[in-house]
Every structure is written in C-alpha cells, then in structure tokens.
Amino acid sequence: MATTKRYDVKDLALAPEGVRRIQWADRQMPVLAAIRERFEREQPLAGYRISACLHVTTETANLARTLKAGGADVVLCASNPLSTQDDVAAALVDEYDIAVFAIKGEDNDTYYSHIEAAVDHKPQLTMDDGADVIGVLHSARREQLGDIVAGTEETTTGVIRLKALEADGKLGFPIIAVNEAKTKHLFDNRYGTGQSTIDGIIRATNVLLAGKRFVVGGYGWVGRGVASRARGMGAHVIVTEVDPMRALEAAMDGFEVLPMTRAAQIGDVFCTATGDKGVITAEHMKTMKDGAILANTGHFDVEIDKSALRSLATETRHAREFVEEFTLADGRRLYLVAEGRLVNLGAAEGHPALVMDMSFANQALGAEYAVQHAAELERKVYPVPEEIDREIARLKLATMGIEIDQLTEEQAKYLASWDEGT
Ligand SMILES: NC(=O)c1ccc[n+]([C@@H]2O[C@H](COP(=O)([O-])OP(=O)(O)OC[C@H]3O[C@@H](n4cnc5c(N)ncnc54)[C@H](O)[C@@H]3O)[C@@H](O)[C@H]2O)c1
C-alpha cells in the first residue's frame, strides 16, 4: 500500500524488512506505545501538519506513527545525510502511509532539497534535530513563519542555535526544547550515545578497544557516556575539555585529562563530542600515530577538520565500509570513520530503542503541549514542562518493573521545613 503522497526514498521493496525492524524497536518503546494508544482515542493533533526533520531510524518511525495516530499529517525528512535507514524510510511510505524524503548517503544538494520538500508541506508544527527545518524557515521561507504554532528541538546543538535566534530577537515561533528534559539528555545523550557511539566505531573498524588509548573530546552528557563506555571496554580513556568544571569532573571520575595537542600524540582512537568546531585540526593530525582512528559523535561534521585531513594527505582510499584512509607525506595513515559525521548513526543504528522511548515520548507530549498552550506561548525557547518530564520517568520506571518509595506525609513536611534539627 504505497502512499498517495509525494516521497523520495531509496527503494520501496525494502519496506518489509523496515516493518520488521520498526516492530522490533516498538517492543522496546512501551511509553511511546502508551502515548500512541491515548493519541488514537483523543486525537490531540487532529488536522495539524507536521514537518519532522529527524534521523530516519526505527525509533523515529514509531514516533511518526504516534503523531499520525494523534491525527497529524506528518512529513519526515532526514536530519543527517548518513543517518537514514533506507528500509525504514520505505516502510514508512509503503506500510504506514507517511511521506518520507530521505536516502542514506544523499549528497548535500539532495539533503537540502529533502528539507525543502518537508517545508513545502506548509507545517503548523516543526520537529527538528539540529534546527535545519527552522533554519530554512527563518531564511528562505520566512513567509511561512506566521503559520507555525510551535516547533520542538531534539538535540543540544539545535537548542544552542535556537537560543541564539531568540537572543537576537529573531525567533519566529515558540520552541519546546526536548533536549532540556531530564528524561532526554540524562539518558539519551549519555547512555544512548555512549553505547551507540562505541557500537559505530567497532562496527566500522572492528578495533579492539581493550588496552587502547581512547581520546574523548568534550565531557558533556555525550562525552561522559562515551568515556564511561570506552572504559567499560577496557580502554585507557583520555578526556579533553575547555570547561574547568567539566575537566575537573572528568579527572575525579578517574579519566586522564589532557589538552588535545598532547592527547593527539598518544591516542589510538579519537572521538569528538563537543558540539564545537575545529576540535581536531591539522596541528593535531600532524603528530598523530600511524593508524589513529578519528570519529565524531557531535551533531555536525565540523569537529574534525576534514579539509585539513584532505590537504595533508598525499593519498586517500576507501579502507572499509564507512572508513576512509588518509596517507600523509611521511607514510603515516589516519582513518576517518563515517565521514566525520555522527558515527553512531552513520556506521551503526543510533541509540537503542529503549532510551529513544523517553526522548520521543518528550517529542510527542511536547507537540501536544504546544498545541494545547498555543495561545499563551511566546516566541521563546521553553523547556519541556517538569510535570511531563516526571511523568515520563514514572511511566518508564513502571514499564521497567521498578518500584520506588513514596515520601510519607511526615517526611514531606520535614523536607519542606527549616526549623527541625538536632
Ligand atoms: N550522536 C548522537 O546521537 C548525539 C546525541 C545527543 C547529542 N549529540 C550532540 O553531541 C554534542 C554534545 O552534546 P552534549 O549534550 O554532550 O553537550 P554538552 O554541552 O553537555 O557538552 C559539550 C562539552 O564539550 C565541551 N567543549 C566545547 N568545545 C570544546 C573543545 N573545543 N574542546 C574540548 N571540549 C569542548 C564543553 O565544555 C562541554 O563540556 C552536540 O553537538 C549534540 O547535539 C549527538
């Protein structure tokens, strides 16, 4: 049953495999499934056109199904040229009648034409992972800004950009910053990215991490996750930071902290996770060991200076799927994984569904909240309301079969008092 809508995916024949994998992920997403059931009954998004620019993965498919169940007319495009799972894109079109514009490995022009196609949907709600749709709406499509009730943003880098837009007084509609929810960044950024980043590096290179020097650029939520998982695999982990507090935390968590200039000389595997640009530059590449592996898990492919790597190299060659070999003038070889793009989505499947369950519960409930509170929301970046965040945590615990204690009345009173002491 192909959709009657426009779409651009690799091959609809991949749909059956996509359906199986979407169902597999769905089993790990009980909170989102419960929201989907309620949405089906209550239709909170009835009649809303949503343009979603997210990684086209099995988990995103279950979010798109949820939004559709809530009555929305959803169009999905990719938020990264390498992160699309082609079978999932096909399944969404063929089985779930959701229009998708995304092909794994698409070039930059196709990537942006797909975003344009999503914007052509004339959205009233937007969903971004990195603010790309919002970027187009605030530049080439400003005439559409007035139609939009609100947007949601999934990741740290997107939220930073949207806050900058708000600070400039240029934000065109309210944003719910999903990344700011505790049930998002504490778990997705840390445990989801931590595990899937290691997964991506290993799938691409088959490197043994035990005994290796593994350098993590940045000790934010993502960096903490990557560092702890790399340590769990037996690597000696070195952290680089620019923030003294985060560097101190990394040191007291037991990691070696070094500036990148020194880490570059001894690292075997490098993974940037800063959201910043130019974290690994020509200066560092010139001193790296033969065989060093370079990967990035921050949002954009600007953390490793790829043009520096290209200009330092006398020869480049495709070494394995998702691995490019760069031979430098003195014969040393450096290996770039997944073109320096998000390695967990480029070379693996992104976060496990169990953790995306919470991130996408925030997306679905954030969209519902935005619609319900459209009249009072201003052109600002709002956090996900705490009641929603706590409710998601409560539901997640319940689905994991974990019970917790309740405050007694006496304890609640004690914790709210100042005059009871020794
Ligand atoms: N791969 C994924 O699936 C995935 C998932 C979530 C977030 N992200 C992205 O990962 C990036 C990091 O997210 P986060 O939530 O950890 O952000 P964060 O703000 O918590 O952490 C970033 C850290 O990087 C440090 N930093 C900045 N510039 C640096 C530099 N030049 N050298 C060393 N350290 C530097 C900052 O001090 C900070 O501690 C963002 O781009 C985010 O969008 C990716």
Of the residues that make up segment 145-152, is at least one within 12 Å of the ligand (Cβ to nearest atom), open to solvent by less than 10 Å² (accessible area, probe 1.4 Å), in contact (Cβ under 8 Å) with a residue 12 or more places away in the chain and within 21 Å of Gly350 (Cβ to Cβ)? no
Quick check on Asp132: is it of a type in the set (D, E, K, R), within 16 Å of the chain's Cα centre (by Cα), farther than 25 Å from Glu40 by Cβ and open to solvent by 10 Å² or more (accessible area, probe 1.4 Å)? yes
Look through Val343, Val323 and report the one residue that is open to solvent by less than 80 Å² (accessible area, probe 1.4 Å) and touching a Gly at 6+ places or on another chain (Cβ under 6 Å). Val343
Give the residues of segment 215-249 that are closer than 17 Å to Ala264 by Cβ and of a type in the set (Asp, Glu), sorted by residue number. Glu241
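Based on what the data block shows, is Gly421 surrounded by fewer than 13 Cβ atoms within 10 Å (Cβ to Cβ) and at pLDDT 95 or above? Working first, answer last.
Numbers: surrounded by fewer than 13 Cβ atoms within 10 Å (Cβ to Cβ): yes; at pLDDT 95 or above: no.
It is false that Gly421 is surrounded by fewer than 13 Cβ atoms within 10 Å (Cβ to Cβ) and at pLDDT 95 or above.
At least 1 residues that are surrounded by fewer than 23 Cβ atoms within 10 Å (Cβ to Cβ) and in contact with a Ser or Thr (Cβ under 9 Å, 6 or more places away or on another chain) in each: list the helices (runs of 4 or more DSSP H) lying fully within segment 158-253 that qualify. Step through it out loud before you land on a result.
Values: elements: 193-205, 221-232, 244-252.
Qualifying helices (runs of 4 or more DSSP H): 221-232, 244-252.
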Which count do you get for residues in segment 381-418 that are open to solvent by 100 Å² or more (accessible area, probe 1.4 Å) and within 21 Å of Ala370 (Cβ to Cβ)? 3
Six or more apart or on different chains, Cβ under 7 Å: which pairs go from a residue in segment 216-235 that's in contact (Cβ under 8 Å) with a residue 60 or more places away in the chain to one that's near the ligand (Cβ under 7 Å from one of its atoms) and in a helix (DSSP H, G or I)? Could you list them? Gly217/Met260; Gly220/Arg246; Trp221/His185; Trp221/Asn189; Val222/Asn189; Val222/Thr193; Val226/Thr193; Val226/Thr197
Residue pairs, Cβ under 8 Å, 6 or more apart or interchain, first in segment 126-140 and within 12 Å of the ligand (Cβ to nearest atom), second in a strand (DSSP E or B) and not hydrophobic (A, V, I, L, M, F, W, C). List them. Asp128/Gly151; Asp128/Thr152; Asp128/Glu153; Asp129/Glu153; Ala131/Glu153
Can you find a residue in segment 56-78 that is over 30 Å from Ala398 (Cβ atoms) and assigned to a helix (DSSP H, G or I)? no
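Which of the following residues is without any contact (Cβ under 8 Å) to a residue 40 or more places away in the chain, open to solvent by less than 30 Å² (accessible area, probe 1.4 Å) and more than 18 Å from Thr157 (Cβ to Cβ): Ala292, Ala308?
On the way: Ala292 fails: without any contact (Cβ under 8 Å) to a residue 40 or more places away in the chain.
One residue alone meets the criteria, Ala308.
Would you confirm, using the coordinates I've provided, whether Ala164 is away from the ligand (no atom under 16 Å from the Cβ), over 21 Å from Thr57 (Cα atoms), of a type in the set (Gly, Ala, Ser) and modelled with pLDDT of 95 or more? Walk me through how you get there before you give the answer.
Details: away from the ligand (no atom under 16 Å from the Cβ): no; over 21 Å from Thr57 (Cα atoms): yes; of a type in the set (Gly, Ala, Ser): yes; modelled with pLDDT of 95 or more: yes.
No, not satisfied.
Val355 - would you say it is crowded, with 18+ Cβ neighbours inside 10 Å, in contact with a Phe, Trp or Tyr (Cβ under 6 Å, 6 or more places away or on another chain), under 19 Å from Glu153 (Cβ atoms) and not acidic (Asp, Glu)? Steps first, answer last, please.
Details: crowded, with 18+ Cβ neighbours inside 10 Å: yes; in contact with a Phe, Trp or Tyr (Cβ under 6 Å, 6 or more places away or on another chain): yes; under 19 Å from Glu153 (Cβ atoms): yes; not acidic (Asp, Glu): yes.
Yes: the conditions hold for Val355.
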Select from segment 85-110 the residues that are touching a Gly at 6+ places or on another chain (Cβ under 8 Å) and part of a loop (DSSP other than H, G, I, E, B) and list them in ascending order. Gln85, Glu95
Leading residue by the ranking (farthest from the ligand (Cβ to nearest atom)) among those in segment 254-268 that are outside any helix (DSSP H, G or I) and among the small types (Gly, Ala, Ser): Gly254
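The values are calculated or read from the model by the stated rules, or taken from the named source; none is laboratory data. If you're wondering where the values come from, they're calculated on a predicted model, not measured in any experiment. Cβ coordinates were reconstructed from backbone atoms using ideal geometry, including for glycine residues, and neighbour counts include every protein chain displayed. With ligands, DNA and RNA removed, areas are computed over all heavy atoms of the protein, side chains included. Shrake-Rupley method; radii C 1.70, N 1.55, O 1.52, S 1.80 Å.
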